[in-house]
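K.L.:
Starting off with a structure, shown below.
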Amino acid sequence: MTLGICAVTAIDYALSRKGICVFNRKYFAICGFAVFIIILAIIVAFNPPQVASAAAAESQVIVQPTEPATCIFQYPENIEPWCFLIEEASLKYGVDPFLIGAVMTQESGGNPEAYSSSGAVGLVQVMPNDGIAANFICANGPCFADRPSSEELFDPAINVNYGTGMLAGLITKYGDTREGLLHYGPDCTLTDPDCPDPYFYADIVLGIYENIKPQ
């Protein structure tokens, strides 16, 4: 708008002097300035500033959530990389995060690729539905037929989530953490009917738990 007014004013001034742009130095300069203003006004008219649209676009930017810089608690160095998974599973299933960490320490030492001689897989050593574990037969067929596959359980997120869900279910079923751990870990009575201490696994895990939890 302002440029258009300037252009009209410049033209009017030039014409009021001679009626047309005559070719002397003074009025040629005035005429040239008027033409410049007209051209500039046309450019602006067909290419309006993009300030408003840019501002609108900026207001539509979606900020993606990011993981927190640190976990809520500190864990031993070997399981620290999995602290987000531990705390997520703890919140989901209501299991003490340090108990999950103790199981992970005992089962795999924090190695997501751990694979036991019995066929258990991953960070918290879950028996899959395939591989060596498929050879375990119960009364109604393969004992672990409803479990995830080995490939799935090598994914740390799936492994920790599934294993913690199992542990939570066992603790609820048997009404006690030690009893839950007894049924989560290896049962020595399966290989040794005279096993002197069927709670050896549970007590090892509980010992680790006492050592890593905040004092």
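Derivation of every value follows stated rules applied to the coordinates shown; laboratory data play no part. Here the structure is a predicted model, which means the values were calculated and not measured. Neighbour counts run over all protein chains shown; Cβ positions are idealised from the backbone, glycine included.
K.L.:
Considering each residue of the stretch 128-161, count those that are surrounded by fewer than 13 Cβ atoms within 10 Å (Cβ to Cβ) and not in a loop (DSSP other than H, G, I, E, B), and give that number.
P.N.:
5
K.L.:
Of all residues in the stretch 188-214 being outside any helix (DSSP H, G or I) and farther than 20 Å from MET104 by Cβ, which is nearest to the chain's Cα centre (by Cα)?
P.N.:
Step one: list which residues in the stretch 188-214 are outside any helix (DSSP H, G or I), which gives 192-199, 213-214.
So of that shortlist, the ones also farther than 20 Å from MET104 by Cβ come out as 192-198.
Numbers: ASP192: 44, PRO193: 46, ASP194: 47, CYS195: 44, PRO196: 45, ASP197: 42, PRO198: 39 Å.
That would be PRO198.
K.L.:
Could you list, ordered by first residue, the pairs with Cβ atoms under 7 Å in which the first is in the stretch 190-215 and among the aromatic types (Phe, Trp, Tyr) and the second is surrounded by 12 or more Cβ atoms within 10 Å (Cβ to Cβ) and in a loop (DSSP other than H, G, I, E, B), at least 6 apart or interchain?
P.N.:
From residues that are among the aromatic types (Phe, Trp, Tyr), the pairs are TYR201/GLY185; TYR201/PRO186.
K.L.:
Restricting the search to the stretch 102-127, which residues are in a loop (DSSP other than H, G, I, E, B) and either of a type in the set (Gly, Ala, Ser) or over 23 Å from GLU77 (Cβ atoms) (or both)? Write out each step before concluding.
P.N.:
Of the residues in the stretch 102-127, the ones in a loop (DSSP other than H, G, I, E, B) are 108-114, 116-120, 122-125, 127.
SER108, GLY109, GLY110, ALA114, SER116, SER117, SER118, GLY119, ALA120, GLY122, MET127 - these are the residues of the stretch 102-127 that are in a loop (DSSP other than H, G, I, E, B) and either of a type in the set (Gly, Ala, Ser) or over 23 Å from GLU77 (Cβ atoms) (or both).
K.L.:
Here is a follow-up. Does GLU179 satisfy the condition of being out of contact with any Ser or Thr (no Cβ under 6 Å at 6 or more places or on another chain), crowded, with 19+ Cβ neighbours inside 10 Å and among the charged types (D, E, K, R)? Reasoning before the result, please.
P.N.:
Working: out of contact with any Ser or Thr (no Cβ under 6 Å at 6 or more places or on another chain): yes; crowded, with 19+ Cβ neighbours inside 10 Å: no; among the charged types (D, E, K, R): yes.
Taking the combined requirement at face value, the residue does not satisfy it.
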